Structure formats: structure tokens, C-alpha cells
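The values are calculated or read from the model by the stated rules, or taken from the named source; none is laboratory data. Quick caveat: nothing in here was measured; it's all calculated off a predicted structure. Counting neighbours? That spans all protein chains shown, and the Cβs are built from the backbone with ideal geometry, glycine included. Ligands, DNA and RNA are excluded from the accessible area calculation, which covers all protein heavy atoms including side chains. Shrake-Rupley method; radii C 1.70, N 1.55, O 1.52, S 1.80 Å.
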Amino acid sequence: MRIMLLGPPGAGKGTQGKKLVEKYGIPWIATGDILREAVSKGTKLGVEAKSYMDKGELVPDSLVEGIIKSRLEEDDCKNGFILDGFPRNLAQSQSLDDYLEARGEKLDAVINIRVEDDVLVQRVSGRLVCPKCGRNYHLVTSPPNRDGVCECGGKLFSRDDDNPGTVRARLEVYSSETAPLIDYYKEKKILHEVDGTGGPEEVFKRICGIIDSLPLEGAGG
Ligand code: AP5
């Protein structure tokens, strides 16, 4: 099955993506994570992407599309994948559709995780990330047992783009560039809306309910 998680910054795409991998055994592909890894390694892609990411802007389509297409060629994507953070504008959606069509494939479902802006800002501004295992914490709602330290021993950090000014810019970019995808996928009749409020487990159950009701072989797990 080929699933895409849609939603604004802080909606819980990454949190849910990691849980879906465990349940359904297909890879979760997050463009934000791939780009951040490139930034931390100082690759050519990372250096170019950083200037956009620091401002909360989208990295140019030509860079992101190349990364995604080569990732989708990998063996573990044969039985499907969960996309998080891609596509992010209409040009990327069209490019993904064309690419999948050429392989005789298509997206099965787009799950739009809906959360009000004030909750998004609270979630993102308190986020702490582990660089070792990728686990997310929140200063208030899910703090680590030991201050600043992940259960795996990693030293937690705040993402550079989680400062209030950049979060505002990311929300604006989401409304102008990404939100139009809601109608795009609605017209294709593959859009499923999910209430992203409540705890991560509650949201996870809602998403699994949708996935398990898709007319797919093996979607039940
Ligand atoms: P990206 O990394 O994709 O960031 P984003 O879309 O802004 O999403 P976030 O990672 O902030 O949020 P999320 O929805 O994953 O929430 P999470 O689960 O972490 O992109 C970053 C940048 O990369 C972009 O700005 C752009 O520059 C570039 N980029 C990426 N893709 C691109 C593309 N396709 N084209 C061009 N540029 C691209 O949760 C957030 C917090 O909330 C955590 O602390 C978590 O613990 C907490 N939380 C989650 N769920 C719940 C819940 N149910 N209840 C309470 N707390 C919760």
C-alpha cells in the first residue's frame, strides 16, 4: 500500500509515521528527515537545502524530487511506503503521480491530519528530538525521564526551524503551498481526513481504522 501523510508542521506526521512502520512493515519516508541528515553531514544537498529550511521555505522541487525518486527505487519500497512531507505543493504532486503512473502504480490513500494552529505552535515549540534514535519528546506533554537525555542515551536538541519566527513562516508556507493538495486529492477520491487532536495513541487508532478499511490485500497488517 502506498500512503501519504498530509498535515501542517506539528500535526504529528512523523510521530504517526514511525508507529505505522511498526504495524504495517513498510518504510516511512520523511523528506524533512532526509534533508536534515544531509544538512548535518554537510553534503552539497544539505548546504543548499539549509538556507531554505532555516527560513521555513520549501527547498526547490528539483532537489527534493530527485531524492524521493531514488528512495522509491529501493527494494524495501516494493510492497509500498508511507510518505511524510512529500509532496508539498501541486508541482510535486503532479510529478509523483507521473512517476508512479510510469511504474504502473498510484497512491492508495492520503491521510490529512487536522490540528488547530494554536495547538500546532505549542507542539512544535516544545519539541525535542533525539539525534541517535529519532525519537520525539515534548518539554511539557511528553518530557524525557532525564532532562535533555533520550532513553537511548542520545542528547536531545531543538530543531533549528522550531523557533517562533520560522514556525510562523512554515505555517504560512503550508497554507499557501501545501493546503491546496487537500482539494487535489479530494478530487482523486483518495483523501481521508483525521482528527489529529488527542494523544498519539488515539490518533494512531483513527489512522489505522482508515488504513484497515482500504480495499487492499494485506492492509490489515
Ligand atoms: P518537515 O521535517 O517535513 O517538517 P514539517 O512538515 O513542518 O513537520 P514537522 O516535522 O514539524 O511536524 P510533524 O507533523 O512531523 O509532527 P511531529 O510528529 O514531529 O520539513 C522541514 C523542512 O524541510 C520544511 O520546512 C522544508 O524547508 C523542507 N522540506 C521538507 N519536505 C519538503 C518538500 N517535499 N519540498 C520542499 N521542501 C521540503 O510532532 C510534533 C511535536 O508534537 C512533537 O514534539 C511530538 O511529540 C508532538 N506530538 C505529535 N503528536 C501529538 C499528539 N497527538 N498529541 C500531543 N503531542 C503530539
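For every residue, the table says whether it meets (1) more than 10 Å from the ligand (Cβ to nearest atom); (2) modelled with pLDDT of 95 or more.
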{"residue": "Glu57", "(1), (2)": "no, yes"}
{"residue": "Gly66", "(1), (2)": "yes, no"}
{"residue": "Phe81", "(1), (2)": "yes, yes"}
{"residue": "Leu107", "(1), (2)": "yes, yes"}
{"residue": "Arg114", "(1), (2)": "yes, yes"}
{"residue": "Arg123", "(1), (2)": "no, no"}
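Of all residues in region 192-211, those that are open to solvent by less than 50 Å² (accessible area, probe 1.4 Å), in a helix (DSSP H, G or I) and more than 10 Å from the ligand (Cβ to nearest atom) total 5. Report yes if Arg88 is under 29 Å from Lys188 (Cα atoms) and part of a helix (DSSP H, G or I), otherwise no. Spelling it out, it is not the case that Arg88 is under 29 Å from Lys188 (Cα atoms) and part of a helix (DSSP H, G or I). The single residue among Asp97, Asp76, Asp117 that is over 18 Å from Gly7 (Cα atoms), of a type in the set (D, E, K, R) and in contact with a Pro (Cβ under 8 Å, 6 or more places away or on another chain) turns out to be Asp76. Looking at region 32-48, which of its residues are within 10 Å of the ligand (Cβ to nearest atom) and under 17 Å from the mean Cα position of the chain (by Cα)? Of everything in region 32-48, those that are within 10 Å of the ligand (Cβ to nearest atom) and under 17 Å from the mean Cα position of the chain (by Cα) turn out to be Gly32, Asp33, Ile34, Leu35, Arg36.
The single condition among (1) in contact (Cβ under 8 Å) with a residue 60 or more places away in the chain; (2) surrounded by fewer than 19 Cβ atoms within 10 Å (Cβ to Cβ) that Arg36 does not meet is (2).
I'm checking my understanding of the structure. Among residues of region 150-186 that are in a loop (DSSP other than H, G, I, E, B) and open to solvent by 50 Å² or more (accessible area, probe 1.4 Å), which one is nearest to Val115 (Cα to Cα)?
The extreme case among them is Asn163.
Per-residue answers, yes or no, for (1) under 20 Å from Phe81 (Cα atoms); (2) of a type outside the set (Ser, Thr, Tyr); (3) modelled with pLDDT of 95 or more:
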| position | (1), (2), (3) |
| --- | --- |
| Cys150 | no, yes, yes |
| Asp195 | no, yes, yes |
| Gly198 | no, yes, no |
| Phe204 | yes, yes, yes |
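Of all residues in region 15-31, those that are touching a Gly at 6+ places or on another chain (Cβ under 9 Å), open to solvent by 20 Å² or more (accessible area, probe 1.4 Å) and either in a helix (DSSP H, G or I) or closer than 18 Å to Gly56 by Cβ (or both) total 3. With respect to Leu35, determine if the residue is closer than 20 Å to Leu171 by Cβ and outside any loop (DSSP other than H, G, I, E, B). So Leu35 fits the description; yes. For Lys69, state whether it is outside any helix (DSSP H, G or I) and exposed (fewer than 14 other Cβ atoms within 10 Å of the Cβ). No. The residues of region 1-29 that are among the hydrophobic types (A, V, I, L, M, F, W, C), under 15 Å from Phe81 (Cβ atoms) and within 10 Å of the ligand (Cβ to nearest atom), listed by number, are Leu5, Leu6. Taking every residue in region 51-69 that is under 19 Å from Ser175 (Cα atoms) and touching a residue at least 60 places away in the same chain (Cβ under 8 Å) and pairing it with any residue that is open to solvent by 40 Å² or more (accessible area, probe 1.4 Å) and within 8 Å of the ligand (Cβ to nearest atom), at least 6 positions away or on another chain, the pairs with Cβ-Cβ distances below 8 Å are Met53/Arg36; Leu58/Tyr52; Leu58/Arg88.
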